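Trainee: One structure follows; several queries about it will come next.
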Amino acid sequence: MASSLVVGVDIGGTGIKAAPVDIATGELAAERIRLPTPSPATPQAVAAAVDGVLKEIGMAGPVGVAVPAVVRGGIVETASHIDTAWIGIDAADFFSRVTGRATAVLNDADAAGVAEVRFGAGRARPASSP
């Protein structure tokens, strides 16, 4: 049986946070780890920090990365709170190569919205009886 755990990584303007996440429940499976976002937040510097949090977590498996940028098809199209060197990079491929893991990359707000629809306030609930 495949594990329902993945490592979720949130790249923010001041911190890179990561934790194992149970994708069946949306719950963190361990405490969140936080490292400062490097300055400048170039692809290589951020990748080194992400590699650091993954090693600290010590769990194998796929990774989901949320970045503060417009991301379409894995390609970074803007750079908000990260270095402009990110623009045009296939971030999903980049992080997969750097970490040696299957990696999905989304805009951070899009990732939060998906989580709300699946596990939070946006989740479909049964209609109540009158």
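The values are calculated or read from the model by the stated rules, or taken from the named source; none is laboratory data. Only a predicted model underlies this, so the values are computations on that prediction, with no experimental measurement involved. Don't worry about glycine lacking a Cβ; one is built from the backbone with ideal geometry, like all the others, and counts go over all protein chains shown.
Trainee: Name the residues in the stretch 93-130 that are in a loop (DSSP other than H, G, I, E, B) and either at pLDDT 80 or above or not small (Gly, Ala, Ser) (or both), would you?
Mentor: Once the filter is applied, which keeps residues that are in a loop (DSSP other than H, G, I, E, B) and either at pLDDT 80 or above or not small (Gly, Ala, Ser) (or both), the stretch 93-130 yields Gly100, Arg101, Ala102, Arg123, Arg125, Pro126, Pro130.
Trainee: Here is a further query. Of the residues that make up the stretch 58-65, is at least one under 19 Å from Thr14 (Cβ atoms), assigned to a loop (DSSP other than H, G, I, E, B), within 12 Å of the chain's Cα centre (by Cα) and of a type outside the set (A, V, I, L, M)? Give the steps one after another, and end with the answer.
Mentor: Within the stretch 58-65, the first condition is being under 19 Å from Thr14 (Cβ atoms), and the residues that meet it are 65.
With the extra rule that they be assigned to a loop (DSSP other than H, G, I, E, B), the set shrinks to none.
No.
Trainee: Check the stretch 3-20 and report whether any residue there is surrounded by fewer than 15 Cβ atoms within 10 Å (Cβ to Cβ), without any contact (Cβ under 8 Å) to a residue 24 or more places away in the chain and over 20 Å from Ala109 (Cβ atoms).
Mentor: Yes, the stretch 3-20 has at least one match.
Trainee: So, one more: If you go through the stretch 21-39, how many residues are in a loop (DSSP other than H, G, I, E, B), without any contact (Cβ under 8 Å) to a residue 60 or more places away in the chain and either touching an Asp or Glu at 6+ places or on another chain (Cβ under 7 Å) or not hydrophobic (A, V, I, L, M, F, W, C) (or both)?
Mentor: Matching residues across the stretch 21-39 total 6.
Trainee: Which of (1) within 26 Å of Ala30 (Cβ to Cβ); (2) crowded, with 16+ Cβ neighbours inside 10 Å is the odd one out, the single condition Gly61 does not satisfy?
Mentor: Result: Gly61 passes all but (2).
Trainee: Given (1) exposed (fewer than 14 other Cβ atoms within 10 Å of the Cβ); (2) at pLDDT 95 or above; (3) assigned to a loop (DSSP other than H, G, I, E, B), where does Ser80 come up short, assuming only one miss?
Mentor: With respect to (1) exposed (fewer than 14 other Cβ atoms within 10 Å of the Cβ); (2) at pLDDT 95 or above; (3) assigned to a loop (DSSP other than H, G, I, E, B), Ser80 is out only on (2).
Trainee: Now for a different question. For the stretch 4-13, does any single residue satisfy the condition of being within 17 Å of Arg97 (Cβ to Cβ) and of a type in the set (S, T, N, Q)?
Mentor: no
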